Amino acid sequence: MIDDIRVGSLIAYCSVKRGNKKTLMFIVFVLSLIFMNLVFLPSMIGGMMVLFTGMMQDYPYGDIVIEPMDDNTYINNADSVLQKVRAVEGVRAATKRLDAGASIEHKQKVVGASITGLLPTEELEISQYPYIISEGDFLGELSRDEIIIGAMIAGTGFGSEIYDNLGEVRPGSLVDVTYSNGVKRTYKVKGIMEGSFELVDLNALVNYKEIEDVYGLEGSKATSVVVRVDKQGTEGQIKDKIREAGVNEQIFTWADKSETLIKQAMQSMGAIDTMSKFVSLIVGAALVLIIIYINVLNRKKEIGILKAVGITPRSIVLSYAFLSTFYVSLGILSGLILYFSLMFYFQANPVVFYETMEISPQIDPVLLIESIVTMLTLSVIAGILPAWSVSKESILKAIWGR
Amino acid sequence: MIIVKNLKRYYGTGKTAVRALKGVSFEIKKGEFVAIMGASGSGKTTLLRILALLDDATDGEYTIRGLEVSSLPEAERSYYRLTQVGYVFQDYALINEMSAAENVYILSMMEGKSRKESYATALEALDKVGLKDKHNRIPDELSGGEKQRVAIARAIAKKPDILFADEPCANLDTTNSKQVLDVFKELNEKYGQTIVMVTHELWHTEYVDRVITLEDGNLVSDEIKRNREE
Ligand SMILES: Nc1ncnc2c1ncn2[C@@H]1O[C@H](COP(=O)(O)OP(=O)(O)O)[C@@H](O)[C@H]1O
Ligand SMILES: [Mg+2]
């Protein structure tokens, strides 16, 4: 076997060293494209994931979100929860929110929306809501008869064409809000918020005390407590510490949330990704196979001669395995160079969605290693199969064709 | 050394079968230089391929040094080809991507010899055919005669029991043919190499000890030209 390996590598070495360099370059080029195909789209989708999870952190969930236990609608004593949470080391800020369903009416146009009641000054530390007011101003500490409306329902923002909206609502316009319990309130629009993202722009914001008042809640109820941490990456530990501090509600990190929520939303994306990977793999395998097969056919006579002079079929098959592993390694290498240059290009010049959302591709080492291993495995199989079938042929047939 | 009894080779079966060898018998002794002559299509190549274990006889017996080789499994035949039998093809059959030395060297390596030993063996064989100084050239950089001499070096490096050559000079001009035949003669006389060479050129028989003639798949004459004992 050792002799087979030595002889096989000598054959492979000679055929690379003295073989046609242009053919080699072409094969490597095609293989590098196959590799790119395997890793590029997933990286872009990864970039999209990061963007969406970022949105989740900046708006509804923070780094950690605490939600009511089981079937309860509310966290009962949110202030005590807040006290415990704020005492945990590594927590930067926390606040409570009350979400409610409602319909908003303006000049005979009605739109359904979810309204979040929040504490405006606390939100400065928690979310991006205060910083995405495109017209007017954010809520003040004491704002009670004022509302912030998402750009998509206001009818001014990007995406308004797709969704029902209130026509032209501007800061200063009056809107009537009917809450899910039937209570009706009239608010003056204080500002329009625009995050270029449905999760934000299809919502409205009012003061926490408004919701408390409308639903007649007492004793600091909340639908969620949103927490931000000092250092990204510590969410998991801090979640445990919050539980240890005696908070008996459901606690999620943004990653937990994105796993259930984003992954659901991205399922179709994921399916496309898997399918495209599968197709690239099949196309890749076929191409590697064809390239090596043509190569083997071209050298059928040589294989016959090698056998005729006593070289074992195993050495011959091994030489092709080495050869195709070499081709594919070079292909992967140049594919990686191509990939990283594209990655750096797109990270410096992200693809822009919805005018403001920038997607920069994510480099996923696991995916890269997976693809490299897959390509190498394929290359060994693709190299061995045709050589094996030719080396099984009789010597006479291989050399003289009959 | 070689004993062949009633050797037959049919291509195909039934009525359309080509009977290339109809039952030939002969014996070749160690150290003989034998030419196999005959018109085109008389079965020379067919016979030689069977003798060199590149092909199987349809019927008959074939022994090398008392060992019945026609019934050996392929792996053993392959090992036999590697270590005991040298074969020189009409069209050289060198590996184009390997240098002269590598073409020879690869076989020693296959036999399990070390790198150094293999290289020494290759150079020694190339020296015997007068091409030591061109060991680094690839086949494209050699003349037809030189290529054939490299092929001979490859065949003799292992010091085979028997060296077979199928019309080794068919693609060569007279000068190159003479060089190749001189190499054979020297191998035979100096090192006692047993050689069986197929040819259809009468003047080639000047170099050999014995001429076997085939006609239409039958052995029709077996003539000693020169007795080695003399
Ligand atoms: N693979 C084959 N299939 C069928 N017939 C063949 C094959 N090889 C040789 N023959 C036939 O066998 C006969 C002997 O051929 P060959 O041994 O090549 O003769 P020579 O070498 O003396 O010219 C010829 O009639 C030839 O056509
Ligand atoms: Mg012939």
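Pop a pseudo-label 7 angstrom from the Cα along the beta-carbon direction at both A:T121 and B:R19 and give the gap in nm to one decimal.
11.7
Given bins 10 angstrom wide, list per bin the percent of all Cα-Cα distances in the stretch B:1-138, short to long.
Histogramming the stretch B:1-138 at 10 Å steps yields 10, 33, 31, 21, 5, 0 percent.
Can you say what percent of the DSSP beta bridges in the protein assembly as shown, counting only those with both residues inside, are antiparallel? Round to 5. Don't skip to the end; give the middle numbers.
Details: 62 of 90 bridges.
Roughly 70 percent of the DSSP beta bridges within the protein assembly as shown come out antiparallel.
Heavy-atom accessible area of A:M1 with all protein chains present, probe 1.4 Å, nearest 10 Å²?
A:M1 has an accessible surface of roughly 120 Å² with all protein chains in place.
Taking the alpha-carbon centroid of each part, what is the distance from the stretch A:30-100 to the stretch A:364-393 in angstrom?
So the separation of the two Cα centres works out to 40 Å.
So which of A:K301/B:K134; A:K17/B:K147; A:K17/B:K158; B:K5/B:K44; A:K22/A:K397; B:K190/B:K225 end up more than 28 Å apart by C-alpha? Intermediate values should be presented prior to the final figure.
Values: A:K301/B:K134 25 Å; A:K17/B:K147 20 Å; A:K17/B:K158 26 Å; B:K5/B:K44 16 Å; A:K22/A:K397 30 Å; B:K190/B:K225 19 Å.
A:K22/A:K397, as the Cα separations exceed 28 Å there.
Search the structure for amide H atoms under 5 Å from the amide H of B:Q90, placed 1.01 Å from N in the peptide plane, and list their residues when 5 or more places away or on another chain.
So B:Q90 has HN proximity to B:D166.
In peptide A:283-293, what is the residue-averaged number of other protein chain Cβ atoms found within 10 Å of each Cβ?
Per residue, the number of nearby Cβ atoms from other chains is 0 on average.
Once you average over the residues of B:92-101, how many Cβ atoms of partner chains fall within 10 Å of each Cβ? Write out the running numbers ahead of the final one.
Numbers: counts 1, 8, 2, 10, 6, 11, 8, 3, 0, 0.
Per residue, the number of nearby Cβ atoms from other chains is 5 on average.
Taking H placed 1.01 Å from N in the peptide plane, check which residues at least 5 places from A:T312 or on another chain put their amide H under 5 Å from its amide H.
none
In what order, largest first, do A:L24, A:L118 sit by accessible area if the probe radius is 1.4 Å?
Working: A:L24 35, A:L118 0 Å².
Per-residue accessible area, sorted high to low, gives A:L24, A:L118.
With both bridge residues required to lie in chain B, what share of the DSSP beta bridges run antiparallel, to the nearest 5%? Intermediate values should be presented prior to the final figure.
Numbers: 21 of 38 bridges.
Antiparallel bridges: around 55 percent, rounded to the nearest 5.
By how many degrees, 0 to 90 and rounded to 10, does the Cα axis of helix A:267-298 deviate from the longest principal axis of chain A?
On a 0 to 90 degree scale, this one is about 10.
Compare B:Y105, A:Y345 by solvent-accessible area with a 1.4 Å probe and give them largest first, with all protein chains kept in place. Could the numbers behind the result be given before it?
Values: B:Y105 10, A:Y345 125 Å².
Putting B:Y105, A:Y345 in descending order of accessible area: A:Y345, B:Y105.
Can you give me the solvent accessible area of A:I272 with a 1.4 Å probe, rounded to the nearest 10 Å²?
Accessible area of A:I272: about 90 Å².
Tell me the per residue accessible area of the stretch A:47-175 using a 1.4 Å probe; a whole number in Å² is fine.
Values: 5630 Å² over 129 residues.
Accessible area per residue, the stretch A:47-175: 44 Å².
How much solvent-accessible surface does A:I395 expose, in Å² to the nearest 10, with a 1.4 Å probe and all protein chains in place?
About 10 Å², ignoring ligands and nucleic acids.
Starting at the first residue of the stretch B:30-46, write each ³J(HN,Hα) from the Karplus equation 6.51 cos²θ - 1.76 cosθ + 1.60 with θ = phi - 60°, in whole Hz, x for Gly and Pro.
Going residue by residue, I get 4, x, 7, 10, 10, 9, 10, 10, x, 5, 4, x, 7, x, 4, 4, 4 Hz, with x marking Gly and Pro.
Using a/c under 1.5 as the rounded threshold, could you call the stretch A:168-209 rounded, prolate or oblate? The axes a ≥ b ≥ c are square roots of the C-alpha gyration tensor eigenvalues, and prolate needs a/b larger than b/c, oblate otherwise. Walk me through the intermediate numbers first.
Numbers: a/c = 2.00, a/b = 1.34, b/c = 1.49.
The shape class here is oblate.
Give the A-B buried accessible area in Å², both sides summed, 1.4 Å probe, nearest 100.
Details: alone 19930 and 11310 Å², together 28820 Å².
Summing both sides, the interface buries roughly 2400 Å².
From the phi angles alone, apply the Karplus equation (6.51, -1.76, 1.60; θ = phi - 60°) to the stretch A:222-232 and give each ³J(HN,Hα) in whole Hz, x where the residue is Gly or Pro.
3J(HN,Hα) across the stretch A:222-232, in whole Hz: 8, 8, 7, 10, 9, 10, 10, 10, 5, 10, 4.
For the stretch B:79-135 and the stretch B:173-230, what is the separation of their Cα centres, given in Å?
Answer, in whole Å: 23.
I'd like the distance separating the alpha-carbon centroids of the stretch A:8-22 and the stretch B:1-76, in whole Å.
36
How big is the equivalent ellipsoid of the stretch A:69-248 along its three axes, where each semi-axis is √(5λ) from the Cα gyration tensor, reported in whole Å from largest to smallest? Mind showing how you got there, number by number?
Working: eigenvalues 185, 67, 37 Å².
They are 30, 18, 14 Å, listed from largest to smallest.
For A:R314, A:R185, A:R299, give the ranking by accessible area with the largest first, probe 1.4 Å.
Working: A:R314 125, A:R185 65, A:R299 25 Å².
The ranking, largest first, comes out as A:R314, A:R185, A:R299.
Of the DSSP beta bridges with both residues in the stretch A:69-248, give the percent that are antiparallel, rounding to the nearest 5.
Working: 31 of 41 bridges.
The answer is about 75 percent antiparallel.
Could you go through the stretch A:4-13 in sequence order and give the Karplus-derived ³J(HN,Hα) for each residue, using 6.51 cos²θ - 1.76 cosθ + 1.60 with θ = phi - 60°, rounded to whole Hz, and x for Gly and Pro?
Going residue by residue, I get 4, 5, 4, 5, x, 6, 5, 4, 4, 4 Hz, with x marking Gly and Pro.
Can you list the residues of the stretch B:63-86 with backbone N under 18 Å from a point 7 Å past the Cα of B:D56, pointing along Cα to Cβ?
B:63-64, B:68-81
Would you mind checking which residues have amide H under 5 Å from B:V220's amide H? H placed 1.01 Å from N; only 5 or more apart, or other chain.
Counting only residues 5 or more places away or on other chains, the set is B:T213, B:L214, B:E215.
Summarise the partner chain shielding of A:309-322 as one whole number: the mean count of Cβ atoms from other chains within 10 Å of each residue's Cβ. The partial results should precede the final answer.
On the way: counts 18, 17, 8, 5, 3, 1, 3, 0, 0, 0, 0, 0, 0, 0.
Mean partner-chain Cβ count within 10 Å for A:309-322: 4.
Among the lysines, select those whose C-alpha is under 19 Å from the C-alpha of A:K239, and discard any that sit fewer than 8 residues away in the same chain.
Those lysines meeting the cut-off are A:K84, A:K96, A:K231, A:K257.
The values are calculated or read from the model by the stated rules, or taken from the named source; none is laboratory data. Because the structure is predicted, anything quoted here is derived from the model rather than measured. No Cβ is skipped: glycine too gets one built from the backbone with ideal geometry, and neighbour counts run over all protein chains shown. Each accessible area value is taken on the protein alone, full model and side chains, heavy atoms only, with ligands, DNA and RNA left out. Shrake-Rupley method; radii C 1.70, N 1.55, O 1.52, S 1.80 Å.
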